[in-house]
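The values are calculated or read from the model by the stated rules, or taken from the named source; none is laboratory data. From a predicted model like this one, the values you see are computed outputs, not experimental measurements. Here Cβ is always computed from backbone atoms with ideal geometry, including for glycine, and neighbour counts include all displayed protein chains. Note: accessible area is taken over every heavy atom of the protein model, side chains too, but ligands, DNA and RNA are not part of it. Shrake-Rupley method; radii C 1.70, N 1.55, O 1.52, S 1.80 Å.
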Amino acid sequence: MQKAKQKKQPASAKRPAQSKYLFPALIVLITFVSLSPTLFNDFVNLDDPQYVVSNPVVQSFSGENLKAIFSQAFVGNYQPQTMLSYLLEYSFFGKGAGTFHFFSLLFHVINTLLVYFIIMKLTKNQVVAFITAILFGIHPLHVESVAWVSARKDVLYTLWFLLSLWFYLAHVKQEGSSKKYYVLAMLCFVFSLLSKAQAVILPVTFFLADYLIGRKLNRKTIIEKVPFFVMALIFGFLAYKIQEKSGAVQDYAYFKPWQRILFSCYGLVNYFYKTLLPIDLSCFYPYPETNDKINTNWVYMAPLILAAVGFVIWKYFRRAKEVLFGMAFFLLTILLVLQLIPVGDAVMADRYTYLSSIGLFFIVGHYFWKWSEKNAANTKTIHGAGFVVLGVLCILSFNRSRLWKDSITLYSHDLQTHPAAIIYNNLGVAYIDEEKLNKANNSTAGKGKDPKFYFEEASKNFTRTVELKPRFPSGYKNKALTHELLGENDKAVEAFNMAVTYFPNDENNYLFRGKVLLKMGRNEDALADLSKVITMNAANPDAYYARAQVYGNLGKLQNSLDDMNKVLELKPGLPEGYGNRGIVLSMMGRFQEAIKDFDESLRLNPAATNTYMNRSLAWKGLGNIQAALQDALTAKAKGNPVDEAYLQQLQTLAAQNK
């Protein structure tokens with residue numbers, strides 16, 4: 001009976017010859033359509049500015065930028081292969097978000113095909129390979145890795161990771177030149193490591209593949225993997241040090257070790273749950289804590305749930321190679337992002353399942369095929385149920401892809417189920433950016449939105465940010481700046497007071513508060529703040545610039561002049577520096593020197609029409625009425641407000657001089 005069954009199994013896995021092309025074609029079509037809305041999405045302000053939008057390193061192809069890509073870390077990660085992909089796309093296709101989304105989707109489709117061909121190599125079963133690959137292609141958890149431009153490292157490192165695994169399998173199966181495939185596997189591994197350090201786990205998956213195909217563990221099979229482990233250790237250590245230096249690695253004292261273990265278990269349970277039921281997804285999952293205390297019993301229950309799952313596997317599936325392979329693949333590839341090593345502020349992330357979920361999908365594919373074979377009479381029912389599940393996943397992924405349209409759309413949706421300080425903060429920033437964009441495009445009136453609307457929405461979100469996390473780095477600062485935009489200077493000062501309380505070493509908190517106090521006419525208070533900034537950083541030109549204005553208001557003209565001299569020493573080409581120093585010199589009666597500064601200011605920035613008016617006053621001080629009149633008329637012609645009484649006075653004096 002057993003022999004007959006074993007002979008039948010490979011045959012039953014076969015399909016008509018056309019399925020050799022049909023399954024891959026279906027995988028490409030269904031995956032592409034399910035995630036196609038990403039092609040029409042914009043950037044979001046969650047890391048996209050640092051990676052692409054505001055990153056000069058990827059915006060022009062040059063030797064200097066190439067050197068920076070291979071020698072620097074970006075957003076706390078060393079990922080030259082990923083940064084190089086941004087550079088090439090920006091150089092050849094421009095800055096539009098559509099280009100970056102297209103290539104992310106293209107890489108994802110290629111990855112989906114690679115999953116199919118790898119499972120085919122492991123099992124020679126088209127049905128299992130198809131189910132595994134299509135679930136990988138259309139699962140909603142994978143939308144983030146495709147729709148988020150900053151997640152390019154996930155699709156890229158996975159591409160090289162899967163290629164390396166494919167070449168390794170070709171090597172162990174002695175296909176063609178085995179040595180060539182071994183070298184190619186190693187080369188792809190290097191590329192994967194250069195895309196994302198999480199690829200370090202690849203050598204371990206080689207052992208899993210050996211186990212599934214029945215390859216024995218011996219000296220040869222261990223030695224062949226040593227070079228891979230050496231590279232993994234080197235890159236793993238390098239990645240940790242870079243993240244530690246960038247501040248991405250949290251202090252272990254922030255949460256105790258036993259809490260870290262609980263959070264890791266909690267994250268793992270949620271990965272299982274969201275793989276089975278991918279609803280209420282979010283771009284950010286905050287730690288389940290309030291004021292540094294765990295706020296849900298699910299955290300404490302998570303280890304028990306995992307123990308129960310482990311017991312079931314041991315009791316009923318410990319001899320099922322497919323289950324052990326799939327589960328081990330999932331656990332090992334997700335282990336590094338379970339926050340045992342605390343990196344970042346999220347307890348979990350959809351993108352972390354991108355590679356690891358292949359193991360779970362493989363188990364599903366295997367048992368779907370197995371149950372179909374055992375229940376031949378109900379094949380249509382089983383297949384129908386399978387199509388329904390795939391259809392639901394396609395719809396969920398399609399809709400999730402649309403939510404990544406832009407920052408406001410994404411955050412407004414995700415905050416409904418997963419309120420997080422960082423996302424409220426980013427939503428506030430998105431509203432400020434939207435107002436700037438509308439202003440630049442003169443489209444505010446067309447959208448029916450008053451600028452005040454955006455500032456008020458931003459203020460609401462910054463307020464929510466500090467309510468959730470008072471010590472959020474830029475929370476109170478952003479809240480204060482928004483109050484200033486709304487003309488609420490008293491509230492701005494109150495928010496800056498809180499910012500100074502939580503972050504007394506941040507010079508910008510004193511600088512911005514000093515500027516608001518200057519605007520309010522509280523010169524002595526402004527002077528204290530701006531002097532504090534200069535004490536903290538004697539090379540801050542903005543602090544000298546603002547303090548010069550304060551000294552001017554207080555009538556301390558020599559102090560004001562000294563500060564403007566310092567501004568121009570720190571920023572020699574600053575037009576406003578020469579313009580403001582010219583004003584101070586005029587106030588001191590040093591009109592000839594003032595005119596020289598106004599001349600230089602206009603040379604550097606001819607569009608500064610108010611400088612013509614200031615120079616007019618200096619000419620008048622020198623007694624050159626004709627030059628004063630000419631500058632006043634020029635200022636008026638260029639749209640700068642000119643007091644008609646002053647203009648009439650100059651015209652009268654000019655006529656008398658004639």
Checklist outcome for this item: How many residues of region 624-651 are within 18 Å of Leu602 (Cα to Cα), part of a helix (DSSP H, G or I) and open to solvent by 80 Å² or more (accessible area, probe 1.4 Å)? The answer is 3
Item to check | Which listed residue is under 42 Å from the mean Cα position of the chain (by Cα) and among the acidic types (Asp, Glu), from Asp562, Asp542 | outcome: Asp542
Checklist outcome for this item: Of Asn489, Asn497, Asn478, Asn540, the only residue that is among the polar types (S, T, N, Q) and within 29 Å of His413 (Cβ to Cβ) is Asn478
Checklist entry - In region 272-307, which residue that is in contact (Cβ under 8 Å) with a residue 60 or more places away in the chain and among the charged types (D, E, K, R) is least open to solvent (accessible area, probe 1.4 Å)? => result Lys274
Next on the checklist: Among the residues that make up region 416-426, is at least one of them in a loop (DSSP other than H, G, I, E, B), buried (at least 21 other Cβ atoms within 10 Å of the Cβ) and not charged (D, E, K, R)?
Outcome noted: yes
Next on the checklist: Conditions first: (1) touching a residue at least 12 places away in the same chain (Cβ under 8 Å); (2) not in a helix (DSSP H, G or I). Leu141 passes all but one, so which condition is the exception?
Outcome noted: (2)
Item to check | Residue count, region 91-112 (criterion: open to solvent by 40 Å² or more (accessible area, probe 1.4 Å) and either part of a helix (DSSP H, G or I) or modelled with pLDDT of 95 or more (or both)) | outcome: 7
Checklist entry - If you go through region 456-463 one residue at a time, do you hit one that is under 26 Å from Asn489 (Cβ atoms), at pLDDT 90 or above and open to solvent by less than 10 Å² (accessible area, probe 1.4 Å)? => result yes
Next on the checklist: I'd like the residue in region 526-545 that is out of contact with any helix residue (DSSP H, G or I) (no Cβ under 7 Å at 6 or more places or on another chain) and not hydroxyl-bearing (Ser, Thr, Tyr) and, out of all such residues, is surrounded by the fewest Cβ atoms within 10 Å (Cβ to Cβ).
Outcome noted: Ala538
Next on the checklist: Checking the condition open to solvent by 40 Å² or more (accessible area, probe 1.4 Å) and either in contact (Cβ under 8 Å) with a residue 12 or more places away in the chain or within 29 Å of Val299 (Cβ to Cβ) (or both), which residue from His413, His366 passes?
Outcome noted: His413
Checklist entry - Going through region 151-174 one residue at a time, which ones are crowded, with 24+ Cβ neighbours inside 10 Å, polar (S, T, N, Q) and over 26 Å from Gly391 (Cα atoms)? => result Ser164
Checklist entry - Of the residues that make up region 500-511, is at least one open to solvent by 60 Å² or more (accessible area, probe 1.4 Å), aromatic (Phe, Trp, Tyr) and either at pLDDT below 95 or farther than 30 Å from Pro572 by Cβ (or both)? => result yes
Item to check | Sole residue being closer than 30 Å to Arg522 by Cβ, touching an Asp or Glu at 6+ places or on another chain (Cβ under 6 Å) and buried (at least 20 other Cβ atoms within 10 Å of the Cβ), chosen from Ala594, Ala548 | outcome: Ala548
